[in-house]
């Protein structure tokens, strides 16, 4: 599976529809069951065999871009180290 612009937009739209994956103000953000279910659905929808790492790194990249666009250079969340 190759990442096309269309697939990238689909991934962004799906990810944005799951605030439990990125919105720390969401009650579900801290609910591991809901969060794991969302990750599972995302990986089923966009991943084929051997593509999970690509989907995961794409989501991490979009999360980082989102944080920078919202908070400037301040990083927080699962990507902050």
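The values are calculated or read from the model by the stated rules, or taken from the named source; none is laboratory data. This is a predicted model, so every value here is computed, not measured. Cβ placement follows ideal geometry from the backbone for every residue including glycine, while neighbour counts extend to all protein chains displayed.
Mind listing whichever residues of segment 1-15 are surrounded by 13 or more Cβ atoms within 10 Å (Cβ to Cβ) and at pLDDT below 80?
Listed by number, the list holds a single entry, 3.
Could you list, in sequence order, the residues of segment 16-28 that are without any contact (Cβ under 8 Å) to a residue 12 or more places away in the chain and surrounded by 15 or more Cβ atoms within 10 Å (Cβ to Cβ)?
19, 26, 28, listed by residue number.
Could you please tell me which pairs satisfy a Cβ distance under 7 Å, a separation of 6+ or placement on different chains, a first residue in segment 34-59 that is part of a loop (DSSP other than H, G, I, E, B), and a second residue that is surrounded by fewer than 15 Cβ atoms within 10 Å (Cβ to Cβ) and at pLDDT below 60?
Matching pairs, first to second residue: 48/1; 51/1.
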